[in-house]
Amino acid sequence: MSKKLSKKALDKVFWNWFFWNGCSQQAESMLGMAFGQSMAPAIEELYDTKEEKAEAMQRHITLFNTEAQVGSICNGIVCGMEEANANNQCTPEVISSVKVALIGPTSAIGDSLWVATIIPILLTICLSISQGASTSMAWIGAFLYLLTYPVLTCLLSRKLFYFGYKSGLEGMSKFMATGKMDILTNSMNFLGLLVVGALTAAFVTCSIPFQIVKDVFDATTGEILTDQVIFNADTMLDSIFPKLLPLLLVLCVYYLYAKKKWSPMKLMGVILVLAAGLTAIGYLTGFYV
Amino acid sequence: MSVIQIIAIAFFIYLGSIGSIVGNTIGWYALGRPLVASFIVGLIMGDVQTAMVIGVPLQIMYMGNVTPGGAVAWDLSYATYIGTAGALVFGKGMDMTQIIGLAVVFAGIGGLIGQIMWNVSYALNLPLNRIADKYARQGDTKKMYIPNVVYGQLIGFVCRFIPAVLLLSSMTAVSSQGDFASMIPGWVTTMLSTFGGMMAALGMGIILSFLLKKKWQICVYLLGFVMVTYLNLNTMAVAVIATLLAVVYYVFQIEQKEVQA
């Protein structure tokens, strides 16, 4: 009689992973312990003797890492493989090597598509809602995010888990081979870039507090106009290209972070120094009083 | 802040940190986001309106801070809860741009402590491997949750909750010393608001590094930028247009692929 995992055990595996994938993260096995705990209900159901259980448990607390929300597909695939193993259709060596092989692609997809694209986009939409609403209703954006993000992610994560269990590694590689994943990533990137561009223009501020104020003699009326701004650094720059300075600042940060590998802490320090410098200029030239 | 407020905020700092009991999806990726964090602090402190004014710029600034794991620059949860709470406590009587600047500074302080505590918990979790190993060797599947959830959580909770309570109580003690709006000199608040506005560039720059895969894509970014500066659209409008364009782009690519095949 072939062994089959019950729906209850599979659900337990999923929820264990969904809630506690990051509980015991450390440098030795990364998410290994969490993965082991997640797999425990499946192992309990598939194997009869203590020895078999011990052997199976030991191969699931080893090094494992992924972007956990999209990575639930790994748990699904491994559940399927353990089931096959219990029916003598798979070997522990294959399970272990597949697990290691899954780390790369699932983290890459999870990090670039879900974490670095979906979250910022959803946050941006919710931010815009907060911005657009009246001040007394500004919380609505935060509330929407708090509601939609966990629910959507949970649904996706669960779907991926069962997809992994049912179609296994072949199913996943077949889907990857269609190239739809790349196209989806491309399109999401496109969306993300447009939105980040808009956010830059709307929220980043940076200005040079410098202007020249003089009394001007108006020849047509013969009057002396006092305190006329004859030169303002920001007005001048904006007439060339609106919000030029904020844009340059962002591109500078991007360059230093992505190409020069500066840490965010270091960048923060530099921005603080710049802000202090600009403030000093403002006070020295009499822009601020 | 009252004792109850301090405990509530410290508890949410723990919930919003990486690997809390509610999971990263609800914790780190939702409760830990500055937009949500400021809303919750606002609820606890009874001033949601001001809290949301702080939350939006903090969210922009930390937009790039998304990935958990070794690459964490700040523990975002610490940064934003402390940032919003600090700004609400010390910013009484200041105008909004100054309050935002204040929030940025407190977020920096909170983030620094958060980063230290993350490293501490990351190290303290190491011996848990031995416990997991022991139970696995015994084939004790029913006990596998002990190292991961019980001990992992205990370490996580102690590392987040206790320092947060200490920090928030000392902030409360200092703030009761006087009226800070009148004590802080003008140039400091001017600098704070300049700093706050410029810090948004940090979040945007980091998120760009995730999204820019090819050089030409900088044009897409600039397109989003000029939609706001030249066309005077708000960010929501751009988000809607961007979604529609992305769908068109997706279908276009799929069809092109089918033609090739």
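The helices (runs of 4 or more DSSP H) falling completely within region A:168-269 that include 3 or more residues that are over 22 Å from the mean Cα position of the chain (by Cα) map to A:233-240, A:244-254. In region A:10-30, what count of residues is obtained for those that are without any contact (Cβ under 8 Å) to a residue 40 or more places away in the chain, more than 7 Å from every other protein chain (Cβ to nearest Cβ) and crowded, with 21+ Cβ neighbours inside 10 Å? Count: 1. Within region A:33-71, no residue satisfies the criterion of being part of a loop (DSSP other than H, G, I, E, B), within 13 Å of A:Ser96 (Cα to Cα), within 7 Å of another protein chain (Cβ to nearest Cβ) and not hydrophobic (A, V, I, L, M, F, W, C). The residue that is farthest from A:Trp114 (Cα to Cα), among those in region A:189-228 that are among the small types (Gly, Ala, Ser) and away from every other protein chain (no Cβ under 14 Å), is A:Gly222.
Summed over region A:126-152, residues that are at pLDDT below 90 and either β-branched (Val, Ile, Thr) or farther than 18 Å from B:Thr235 by Cβ (or both) total 3.
Remark: pairs (first residue in region A:172-188, over 18 Å from B:Val247 (Cβ atoms) and facing chain B (nearest Cβ under 9 Å); second residue of a type in the set (Val, Ile, Thr) and buried (at least 17 other Cβ atoms within 10 Å of the Cβ); Cβ separation under 8 Å; 6+ apart in sequence or on different chains) are absent. For residues that are within 7 Å of chain B (Cβ to nearest Cβ) and closer than 13 Å to B:Thr50 by Cα, scanning just region A:132-148, find the one that is surrounded by the most Cβ atoms within 10 Å (Cβ to Cβ). Filtering first and then ranking leaves A:Ala138.
Based on this model, can you work out whether B:Ile109 counts as closer than 21 Å to B:Gly156 by Cα and more than 7 Å from chain A (Cβ to nearest Cβ)?
In short, yes.
The values are calculated or read from the model by the stated rules, or taken from the named source; none is laboratory data. Small disclaimer: the values here were computed from a predicted structure and weren't measured. Don't worry about glycine lacking a Cβ; one is built from the backbone with ideal geometry, like all the others, and counts go over all protein chains shown.
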